[in-house]
Amino acid sequence: MLSLNSDNRQLLKGAKFSYLSTNYTSGQASLVLNNSSCAVTNKFALIGNFGSQSSEIVKITGVTTSTNTITITPSTKYAHAQDTKVTIIGYNQVKYYQTAAATFSAVENPLTKSMGDSTTEFTVSDETGNVFKYTYTGTGTDPDIDAIVEINSEVIINAQNLDAANNETFEVTGIGTDYFEVTNATGLDADTGTIGTGSIKYSINVQANRTFTVYEDTVNTTGYGFFCFYNSITKQKTSDSNAIPYGGFSENSVKDIFDAFFSQLNNKEQKLIDNSDAFRWLNEAISKIQNELNLVNQNYNIADEWTVTTVSGTQEYALPTNFSDIRSVTDSDGDLINTINIKNVPKNDADAIYSNGNVNYFLRGAYIGFSPIPTGADTYNVYYKKKSTVLNSYYDSVELPDNCFYLIIDWMLYRASGKLDKSNAKEHFESFKIAIQNMKIISHKQNNSLDSFGISTSSNV
């Protein structure tokens with residue numbers, strides 16, 4: 001069984017907020033804020049902070065700016081003190097997905113939880129005003145409705161033995177010990193039946209009393225998980241998350257590096273350091289490491305062969321976006337071609353003087369050029385050093401000689417020290433530098449097994 005976790009704190013980025021203007025007991029259908037200008041109808045209000053036992057999420061159904069009042073549904077479960085923070089968030093649900101490959105397709109069906117089983121029996125009754133109540137009759141497995149379903153959840157009803165008019169996707173508007181209510185303009189009254197070979201499933205709401213909303217997948221054991229946040233009213237969703245491997249993240253994955261980094265910060269400090277900081281410092285460390293690595297082993301970071309085919313009359317061609325520096329250029333026969341400084345590129349081919357009559361190449365900004373100007377479709381093979389890759393996914397992996405990705409954590413702790421006003425920044429910085437030097441020695445020995453950085457006896461000095 002795999003737990004798919006979505007970080008609720010992502011919903012707080014850039015979110016507007018206010019505070020309760022007075023103390024409230026539970027059961028409130030409206031709240032007065034210090035300033036209601038942040039509130040928006042059909043968005044949701046997080047009362048309190050994620051992870052607090054008394055925090056809850058309610059839907060905003062109306063805003064009266066003249067009195068700073070918001071009307072909400074459902075009524076509040078808990079009492080809330082004056083000055084409790086109220087944050088306006090755009091989403092109330094999390095949709096989880098499972099795929100066989102580490103790529104996500106929009107056609108994937110979300111994972112859901114089932115209510116009851118084939119033996120569970122419901123009776124559907126018209127409560128007037130298009131409100132229909134689904135009541136567990138006591139026959140079959142108890143669906144435990146009030147423990148698993150919340151108001152504003154979605155229920156996907158496809159019960160074999162209920163009428164088609166009562167089998168749709170609805171938003172839950174009310175719940176009780178043994179029933180839930182929905183709005184259905186075309187429902188059928190006095191309809192009773194078991195779930196049978198069909199199903200009744202319910203969505204996963206954002207869990208306000210936890211930092212992470214958790215989905216336990218009891219069905220799938222392989223593949224990859226994804227999630228997105230979803231607004232059940234407007235049907236809007238966030239972009240889909242990075243892949244979450246059911247087999248676990250590798251030790252050199254961004255996820256494991258982040259876990260090791262955050263494990264050294266206490267909870268209070270994690271409120272000051274978020275994933276944006278961590279990704280920025282991670283990529284900064286990788287850039288510094290690769291620049292140091294290129295000083296002793298320029299071949300470690302060489303990209304795969306890139307082929308450019310010339311067009312008659314076109315002299316320059318765009319280099320790959322991850323291009324850093326040329327290592328070699330060969331023609332279709334595998335022979336090296338020479339470089340020429342751009343200042344020596346002749347304006348006219350008639351003025352050109354070429355070494356042994358060969359083609360030359362030159363670099364100009366993000367372009368590679370050939371002189372003389374090509375007159376046909378000639379193919380050239382280019383090897384070049386890559387820029388350091390910008391990692392932006394938990395699933396990305398860090399590839400360094402001899403698994404030297406551990407030193408990244410020291411750089412991240414060094415950078416975090418300044419933000420957390422800690423005095424041990426120098427210790428992490430020195431540890432990072434020492435680890436880089438050791439990595440360079442290991443990497444250098446990959447190149448002809450050299451034992452030192454001494455000057456070659458064949459060098460002219």
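Read-outs throughout are calculated quantities, based only on the coordinates presented, and are distinct from any laboratory measurement. On a predicted model such as this, the values are computed, not experimentally measured, just so you know. Cβ coordinates were reconstructed from backbone atoms using ideal geometry, including for glycine residues, and neighbour counts include every protein chain displayed.
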What number, rounded to the nearest 500 deg cm²/dmol, is the helix-based mean residue ellipticity at 222 nm of the chain, given -39500 (n - 2.57) per DSSP H run of at least four residues and division by all its residues? -5000 deg cm²/dmol
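What does the extension gain come out to for Thr314 and Ser263, with contour length at 0.36 nm per residue minus their alpha carbon separation? Write out the running numbers ahead of the final one.
Numbers: separation 51, 0.36 × 51 = 18.36 nm, distance 5.52 nm.
Using 0.36 nm per residue and subtracting the Cα-Cα distance, I get 12.8 nm.
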Inter-label distance, nm, simple model (7 Å from Cα along the C-beta direction), Gln82/Asn158: 5.3 nm
List, largest first, the extents of the alpha carbons of region 306-386 along their principal axes, each in whole Å. 35, 27, 21
For region 113-202, treating each Cα as an identical point scatterer without solvent, what Debye log10 I(q)/I(0) comes out at q = 0.26 1/Å? -1.58
Among Asn358, Trp306, Ala377 - extreme Cα towards positive end, dipole of region 306-386, charges at beta-carbon: Trp306
So if I restrict to the alpha-carbon atoms in region 387-439, what is the Rg, and what is Dmax, the biggest pairwise distance, in Å? 12.5, 33
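Taking Cα pairs under 8 Å and at least six residues apart, what relative contact order does region 2-90 come out at, in percent? Let's see the in-between values first.
Numbers: 199 pairs, mean separation 35.4, N = 89.
Computed over region 2-90, the figure is 40 percent.
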Taking a label point 7 Å from the Cα of Ser105 along the Cα→Cβ vector, which residues of region 206-236 have an amide N closer than 19 Å to it? 220-228
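Taking R0 as 35 Å, what FRET efficiency do you get between Asn291 and Thr221 from their Cβ-Cβ distance, rounded to the nearest 0.05? Don't jump to the answer; show the numbers that get you there.
Working: r = 42 Å, r/R0 = 1.20.
Approximately 0.25, to the nearest 0.05.
Figure the gain on full extension for Val214 and Asn344 (residue separation times 0.36 nm, minus the Cα-Cα span) and round it to one decimal in nm. Show your work: numbers first, answer last.
On the way: separation 130, 0.36 × 130 = 46.80 nm, distance 6.38 nm.
Net length gain for the segment: 40.4 nm.
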From phi via Karplus (6.51, -1.76, 1.60), per-residue ³J(HN,Hα) for region 231-245 in Hz, x at Gly/Pro: 9, 6, 8, 8, 6, 7, 9, 7, 5, 6, 5, 6, 5, 10, x
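Could you size up the charge dipole of the chain around its Cα centre, putting +1 on the beta carbon of Lys and Arg and -1 on that of Asp and Glu, and report it in debye to the nearest 20? Please report the intermediate quantities before stating the final value.
Working: 33 positive and 49 negative charges, 382 e Å.
The calculated dipole for the chain is roughly 1840 debye.
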Just subtract the alpha-carbon distance of Thr65 and Asp378 from 0.36 nm times their residue separation and send over the number in nm, one decimal. 105.7 nm
Once label points are set 7 Å from the Cα along Cα→Cβ at both Glu127 and Asn42, what is their separation, rounded to one decimal in nm? 2.4 nm
Taking just the alpha-carbon atoms of the chain, what radius of gyration and Dmax come out, in angstrom? 31.1, 99
For region 34-44, take each phi angle, set θ = phi - 60°, evaluate the Karplus expression 6.51 cos²θ - 1.76 cosθ + 1.60, and give the result in whole Hz per residue in order, putting x for glycine and proline. 5, 8, 9, 5, 7, 7, 9, 4, 6, 9, 10
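Where both residues lie in region 306-386, what percent of DSSP beta bridges are antiparallel, nearest 5? Don't skip to the end; give the middle numbers.
Details: 20 of 22 bridges.
So the antiparallel bridges amount to about 90 percent of the total.
Could you work out the relative contact order of the chain, using alpha carbon pairs under 8 angstrom and six or more residues apart, expressed as a whole percent?
Working: 933 pairs, mean separation 63.2, N = 461.
Reported relative contact order: 14 percent.
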Listed residue (Ala435, Ile244, Val182) projecting farthest to the positive dipole end of the chain, Cβ model: Ala435
The ³J(HN,Hα) series, computed from each phi in region 160-175 with the Karplus coefficients 6.51, -1.76 and 1.60 at θ = phi - 60°, rounded to the nearest Hz and given as x for glycine or proline, is 4, 10, 9, 4, 4, 5, 9, 9, 8, 9, 10, 8, 6, 10, x, 9
Largest to smallest principal axis extent of the C-alpha atoms in region 1-146, angstrom: 51, 46, 28
Students often get this wrong, so check it: of Lys113/Lys237; Lys288/Lys385; Lys16/Lys237; Lys59/Lys419; Lys13/Lys255, which have C-alpha atoms separated by over 26 Å? Lys59/Lys419
